[in-house]
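A quick write-up on the structure given underneath.
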Amino acid sequence: MSRRYDQKTTTFTPDGRLKQVEYALEAINKTGSAIGVLTQEGMILCTEKQEVSHLLEQQKHSEKIYELDKHIFSVVSGLAADANQLIDYAREAAQKYRLVYQENIPLEQLIIRICDIKQYYTQHGGQRPYGTAFLFAGYDKDNGFQLFSTDPSGNYAGWKATAIGQNNLAANSFLKQEYKEDLTLDQGLNVAIKALVKTMDTSSPQPSKIEIVLISKADKNVKSKTLTEAEVLALLKANGFNNEAQQE
Amino acid sequence: MSGIFEYNGGSIVGMKGKNCIALACDRRFGQQMQTITMNFQKVFKMQDNILLALGGLATDIQTFHALMEYKLNLYNLKENRKMKPSTFANLVASSLYERRFSPFFVSPIVAGLEEGKPVLATYDSIGCTSDLDNFQVGGTASDQQNINFILPSIYGACESFFKPDLSPEELEEVLAQALVSGCDRDAASGWGGLVYVMTEKNITIKFLKTKQT
């Protein structure tokens, strides 16, 4: 396509495309993938971290999975610095809603606020779009558990199961076959980890490169559990991976 | 009772003990001489080891509490840790000063336990912090604002009954006596009381009967 139309974000190409948005998607598809699965009992978010070096300091909290409010979690794919900005904004937006209405912000409302910002940078200012795609998982009392994905254009969609980032086509076709509506949380976890490994080059991934969060409800509260490295390894082995595992 | 701080009535008091701390409040919510409800919440649990009591104008009590929840939640999410009571005490002071020229009409008391040691702080409505005393009061049955009257005050009862290093049970009894004697003499406070006693293990809540007038 003509290179004339890919410099300014605010210009359409003759065949109706926004090149900068597509290039942002290219950036995202080079980074570690993220998978989300929705079940009746709760949700699973899992992701692959990129470079895990011995020299990196262990962070106390997750690198790619963020809590936005007590009832909403998200996984990031793409540029981490861009994501941090939007995560901070999302956290403030959720609290502002709570200040006004004394209620949890409905998941879709939060996503709309973030997507409106993403869309802004595809239409104004001559600045590049955000190079991030998110998966949002959360619970609100009107709509139950929900899973959404967002992309640099500011579009969002609700899913039962989806993948973003590296090799998401492979993961998505796997999910299309294996996902069933009546999965339990444990079954959903197995589906999610298999889909994640599909996006990787190896069938013996290092557990330290994988982050998994389970989101479920206990009474009125949403609770989350992050799997430890040992639990991730056990999960991998139970699904037929890592049979001669090297521990990091 | 003129004055914006006396409009809704209400009194609060906090006291330090040995590795424990207690806050007490009355339950009245009124509009000048009329009592509207007898179950108005003035003490809020911000965290397992932080209590925030607010006296003063009822609408500002609710709004200021919501604002503190907002700031505390964002702190937890961004810094990925709980807030220390002394940090929260500073947050209250700076949040009050943010409204230096259009203040919240509240008299806050922050009570917490930090590494086993009690933390107690009280403020004026624009954030002047006072955290050196062993007990603090706020509201209409204290000695503030009522310059035209010499009212028996909770302060007097506290001074009489306070001893250093009280146990949780003794602290509860002392604070209950202080609150009840102050509120019974104050037309704008009363209609029941609550004492919150915080120890390392838990927070107990005791309901007090005051004169029902």
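Considering all different alpha carbon pairs of chain A, the Kirkwood hydrodynamic radius works out to 18.7 Å. From the alpha carbon centroid of the range B:33-79 to that of the range A:39-81 is 32 Å.
Between residue A:239 and residue A:221, the simple label model (points 7 Å from Cα in the Cβ direction) yields a spacing of 2.9 nm.
The alpha carbon gyration tensor of the range A:154-248 gives principal lengths a ≥ b ≥ c with a/c of 1.5 or higher and a/b no greater than b/c, which makes the shape oblate. Globularity index of the range B:31-119 is 1.16 (Cα radius of gyration / 2.2 N^0.38 Å, N = number of residues). Shielding of peptide B:72-81 by partners, expressed as the average count of other chain Cβ atoms within 10 Å per residue Cβ, is 4.
Normalising by the residue count of the range A:47-170, find the relative contact order in percent from Cα pairs under 8 Å and 6+ residues apart. Relative contact order for the range A:47-170 comes out at 23 percent. Counting every other Cβ atom within 10 Å of each residue's Cβ, B:211, A:118 order from fewest to most as B:211, A:118. In this structure, the amide hydrogen of residue B:119, modeled 1.01 Å from its nitrogen in the peptide plane, lies closer than 5 angstrom to those of B:112, B:113, B:114, counting only residues at least 5 positions away or on a different chain. Taking a point 7 Å from the Cα of residue A:155 along the Cα-to-Cβ direction, the residues of the range A:6-46 with backbone N closer than 11 Å to it are A:18, A:22.
The range B:84-126 and the range A:112-127 have their alpha-carbon centroids 39 Å apart.
Karplus-derived 3J(HN,Hα) values for the range A:136-147, using 6.51 cos²θ - 1.76 cosθ + 1.60 with θ = phi - 60°, are 10, 10, x, 10, 9, 6, 7, 10, x, 6, 9, 10 Hz; glycine and proline are entered as x. Peptide A:85-94 shows a mean partner chain C-beta count of 2 within 10 Å per residue C-beta. In this structure the amide hydrogen of residue A:131, modeled in the peptide plane, comes within under 5 Å of the amide hydrogens of A:79, none closer than 5 places in sequence on its chain. With a Förster radius of 56 Å, plug the Cβ-Cβ distance of residue B:59 and residue A:229 into 1/(1 + (r/R0)^6) and report the FRET value to the nearest 0.05. Efficiency computed from Cβ-Cβ geometry: 0.65.
Close amide H pairs (under 5 Å, H built 1.01 Å from N) link residue B:208 with B:193, B:194, B:195, residues at least 5 positions away or on another chain.
The Cα atoms of the range A:86-171 give a gyration tensor whose axes a ≥ b ≥ c have a/c of 1.5 or more with a/b no greater than b/c, which makes the shape oblate. Seen from a random direction on average, the alpha-carbon convex hull of the range A:44-105 projects onto 5.1 square nanometres. Relative protection proxy for A:156-169, B:102-115, from highest mean packing down: B:102-115, A:156-169 (other beta-carbon atoms within 10 angstrom). Karplus-derived 3J(HN,Hα) values for the range B:104-115, using 6.51 cos²θ - 1.76 cosθ + 1.60 with θ = phi - 60°, are 6, 8, 10, 10, x, 10, 9, 10, x, 10, 10, 6 Hz; glycine and proline are entered as x. Sparse packing (at most 13 other Cβ atoms within 10 Å of the Cβ) combined with a DSSP loop state is found for the following GluC sites (Glu not before Pro) in the range A:1-109: A:51, A:57, A:103. In sequence order, the range B:169-177 has phi-based couplings of 5, 5, 4, 4, 5, 4, 5, 4, 4 Hz under the Karplus curve 6.51 cos²θ - 1.76 cosθ + 1.60, θ = phi - 60°, and Gly or Pro positions carry x.
Per-residue mean of foreign Cβ neighbours for B:63-71 is 2 (Cβ atoms of other chains, 10 Å radius).
Averaged over residues, the count of other Cβ atoms within 10 Å places the peptides B:157-170, B:186-199 in the sequence B:186-199, B:157-170, highest first. With equal scatterers on the alpha carbons only and no solvent term, can you work out the Debye log10 of I(q)/I(0) for the protein assembly as shown at 0.12 1/Å? Result of the Debye calculation: -0.99. Would you compute, from DSSP H runs of 4+ residues alone, the mean residue ellipticity of chain B at 222 nm, taking -39500 (n - 2.57) per run and dividing by the full residue count, rounded to the nearest 500? So the calculated ellipticity at 222 nm is -9500 deg cm²/dmol. Among the helices of chain A, those built from whole DSSP H runs whose Cα atoms reach 27 Å or more along their own axis and whose mean Kyte-Doolittle hydropathy is at least -1.0 are A:80-101. What is the projected area of the convex hull of the Cα atoms of the range A:129-173, averaged over all directions, in nm²? Projected over every direction and averaged, the Cα hull of the range A:129-173 covers 3.6 nm².
Dipole magnitude for the range A:22-163: about 120 debye, using +1 per Lys or Arg Cβ and -1 per Asp or Glu Cβ, origin at the Cα centre. Of all lysines in the structure, the ones whose alpha carbon falls short of 24 Å from that of residue B:18, not counting any fewer than 8 places away in one chain, are B:45, B:82, B:84, B:117, B:163, B:201, B:206.
Where in the range A:65-85 does the label zone of residue A:143 land, with the point 7 angstrom along Cα→C-beta and an amide N cut-off under 17 Å? Taking a point 7 Å out along Cα→Cβ of residue A:143, the residues of the range A:65-85 whose backbone N falls under 17 Å are A:68-75. Once you have a ≥ b ≥ c as the square roots of the Cα gyration tensor eigenvalues for the range B:56-213, tell me rounded if a/c is under 1.5, and otherwise prolate or oblate according to whether a/b is larger than b/c. Verdict is oblate for the range B:56-213.
Where a number appears in this text, it was derived from the coordinates with a stated rule and is not lab data. Since the model is a prediction, treat every value here as computed from it, not as a measurement. Neighbour counts are summed over all protein chains in view; Cβ atoms, including those assigned to glycine, are modelled from backbone coordinates with ideal geometry.
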